[in-house]
Amino acid sequence: MKKHAMLSERIEKHNHHSYDNSYTKIASDWNLVLEFNCTNRHEALFLERFIKKMKSKKFIEKIILNPNILAAILNKENQ
């Protein structure tokens, strides 16, 4: 399955409340605004957890405007 198809499927599941114990079940209008390619699953999960720990809409808006922030976070993690 292609990455974009997997992302679309995941967003659809969030919009249909398929994840019982998730924060995302509050809304049903999620859409994809940024796609950032990681080299492996570990990096992807690390970034997802990092963003969630920030608990900041402003931080997410900054990432959307400048995705290089994510690369910088990964570089710092890998040092």
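The values are calculated or read from the model by the stated rules, or taken from the named source; none is laboratory data. Bear in mind the structure is a predicted one, so any value in this text is a computation, not a measurement. Note that each Cβ is placed from the backbone with ideal geometry, even for glycine, and that neighbours are counted across all protein chains shown. Remember, those area values only see protein heavy atoms, side chains included, never the ligands or the DNA or RNA. Shrake-Rupley method; radii C 1.70, N 1.55, O 1.52, S 1.80 Å.
Worth pointing out:
- Checklist (1) of a type outside the set (D, E, K, R); (2) in a helix (DSSP H, G or I); (3) touching a residue at least 12 places away in the same chain (Cβ under 8 Å); (4) surrounded by 13 or more Cβ atoms within 10 Å (Cβ to Cβ) applied to residue 64, failing item: (4)
- Pair list, Cβ under 8 Å, 6 or more apart: the stretch 1-23 residue modelled with pLDDT of 75 or more, other residue surrounded by 10 or more Cβ atoms within 10 Å (Cβ to Cβ) and polar (S, T, N, Q): 14/22; 14/24; 15/28; 16/28; 17/28
- For the stretch 38-48, the count of residues that are touching a residue at least 12 places away in the same chain (Cβ under 8 Å), open to solvent by less than 70 Å² (accessible area, probe 1.4 Å) and not in a helix (DSSP H, G or I) is nonzero.
- If the condition is being open to solvent by 100 Å² or more (accessible area, probe 1.4 Å) and modelled with pLDDT under 95, then the stretch 67-77 contributes only 76.
- Filter pass, residue 56 being of a type in the set (Ser, Thr, Tyr), open to solvent by less than 80 Å² (accessible area, probe 1.4 Å) and under 16 Å from residue 73 (Cβ atoms): yes
- Among the residues making up the stretch 25-71, those that are over 12 Å from the mean Cα position of the chain (by Cα) and within 17 Å of residue 11 (Cβ to Cβ) are 25, 26, 27, 28, 29.
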